[in-house]
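K.L.:
My structure is below; once you've seen it, I'll send some questions.
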Amino acid sequence: MQVRKYKANTIHGAVNLAKQELGPKALILSTRKMRARKGTPPYKAREFFEITAMPPSSSTEQALMNERDHGFLDSVKSELMSIKEMIFLLSRSGRLEEGFRLNPGAIEVYGRLIRTGIAEPYAQLFLEKGGALKQNGELPSKDLHERVFKEVMKVIDVTDPFSHDRGQVISAIIGPTGVGKTTTIAKLAANLSLKQKKSVGLISIDNYRIAAVDQLKIYAGILGIPCFAALNGAELEFALSRMKEKDVILMDTAGHGHYDVERIEGLRELIGGYLPVSTHLVLSAVTNELEMERAAQNFGRLDFSSYIFTKTDETQARGVIINQLLKLRMPISFITTGQRVPEDMFKATKTGILRLLFG
Ligand SMILES: Nc1nc2c(ncn2[C@@H]2O[C@H](COP(=O)(O)OP(=O)(O)O)[C@@H](O)[C@H]2O)c(=O)[nH]1
Ligand SMILES: [Mg+2]
């Protein structure tokens, strides 16, 4: 930056000097009225003006300044957002207000719970149980978060339906249409056979959509494992008898709409006669909560013993998982995180799910 000074008897004169030298767009940084030093000859003016000026800023300097301005604006914007968010949370928090007053750090934790999609009453419950609404002295924010997250962790229950070695495990994967049942079976089959070295067989009792049988058969072909289609009790019996030696049999089921109670009943008769079959309900994390709740109620007729949550990659509001657990307590067996077979799935663990929720 070239900063220069120009002196003249009038401001106008000094500015003109600057413009002559630096061009008409010279930037005037300051002006000063100065007194002449002692001993200045009387024919010279006793007062004069000094201006400080610089050439017009180059485009890079301008760009840098713009960028700085943008960065500043962004930080102001995000500050405003969080203030707005806090006001919103406070205005909705009702009886939490007192707790927030005693322990302002709790607002931030509350925000995290709400942002991840945990329903307000449950979020309040976690705060209360974690002791975040009491006077807590100078409890650091990190500790406060940990205490509340621990409460969330307590309601997460997990299970692995394939862990035991005693005898054959037969599992039916049930759930509404399009939630990802067939894809999840392919992931499970691949993991069990390739990683855990178990012998696996597949049965499709999706007698509703022939294409779904084909989809499963393609996966079976790739994995080199048997796959049978069974449309009635006799066929199911046949398929099971052909796969007596398998460690695990996974059954894919028809893509019922969950309101289709009659079909669900039919399915129950079909698999219910072949105990021990454990059933696992697949729910998509992007389903709205009311639908999710109804699906769990209607498929409850099939006595499912775990949840599998799919499509967690398609939403930030993964807290619906927690809401569902609190409505109908049941362990979670698997979580799927994308369309890739077999990578996009993990066995449910408390810490894994907590990470999914809060990063
Ligand atoms: N993004 C995402 N898509 C999934 C996931 N699981 C399954 N899908 C997709 O959901 C769609 C329906 O899957 P499908 O297994 O046929 O569902 P089904 O009708 O329950 O058997 C397919 O396009 C799958 O690729 C997942 O975890 N994440
Ligand atoms: Mg299917």
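The values are calculated or read from the model by the stated rules, or taken from the named source; none is laboratory data. These figures come from a predicted structure and were not determined experimentally. With ideal geometry, Cβ positions are generated from the backbone for all residues, glycine too; neighbour counts draw on all protein chains shown.
K.L.:
Looking at D344, D313, can you tell me which residue is touching a Ser or Thr at 6+ places or on another chain (Cβ under 9 Å), without any contact (Cβ under 8 Å) to a residue 40 or more places away in the chain and farther than 19 Å from V152 by Cβ?
P.N.:
D313
K.L.:
Restricting to the stretch 203-220, count the residues that are more than 9 Å from ligand 2 (Cβ to nearest atom), at pLDDT 80 or above and not β-branched (V, I, T).
P.N.:
4
K.L.:
Something else: Among the residues of the stretch 268-276, is any aromatic (F, W, Y), farther than 16 Å from G180 by Cβ and in a helix (DSSP H, G or I)?
P.N.:
The answer is no, given that none of the residues of the stretch 268-276 is aromatic (F, W, Y), farther than 16 Å from G180 by Cβ and in a helix (DSSP H, G or I).
K.L.:
Tally the residues that are out of contact with any helix residue (DSSP H, G or I) (no Cβ under 8 Å at 6 or more places or on another chain), among the aliphatic types (A, V, I, L, M) and within 16 Å of ligand 1 (Cβ to nearest atom), restricting the search to the stretch 160-186.
P.N.:
1
K.L.:
Kindly indicate whether any position in the stretch 328-348 is of a type outside the set (A, V, I, L, M, F, W, C) and in a helix (DSSP H, G or I).
P.N.:
Among the residues of the stretch 328-348, not one is of a type outside the set (A, V, I, L, M, F, W, C) and in a helix (DSSP H, G or I), which makes the answer no.
K.L.:
Any idea how many residues of the stretch 161-186 are within 16 Å of ligand 2 (Cβ to nearest atom), surrounded by fewer than 21 Cβ atoms within 10 Å (Cβ to Cβ) and of a type in the set (K, R)?
P.N.:
0
K.L.:
Would you check if V155 is surrounded by fewer than 19 Cβ atoms within 10 Å (Cβ to Cβ), among the β-branched types (V, I, T) and closer than 23 Å to L356 by Cα?
P.N.:
Here the answer is yes, as V155 does meet what is asked.
K.L.:
May I ask you to list the residues in the stretch 280-307 that are more than 19 Å from A119 (Cα to Cα), in contact with a Lys or Arg (Cβ under 8 Å, 6 or more places away or on another chain) and in a helix (DSSP H, G or I)?
P.N.:
Listed by number, the residues that qualify are R301, L302.
K.L.:
A further question follows. Do any residues in the stretch 159-178 that are under 18 Å from N191 (Cβ atoms) have Cβ atoms under 6 Å from those of residues that are away from ligand 1 (no atom under 16 Å from the Cβ) and in a loop (DSSP other than H, G, I, E, B), where the two are at least six apart or on different chains, and which pairs are they?
P.N.:
Sorted first by the residue in the stretch 159-178, then by its partner, the pairs are T159/P331; V169/F162; S171/P161.
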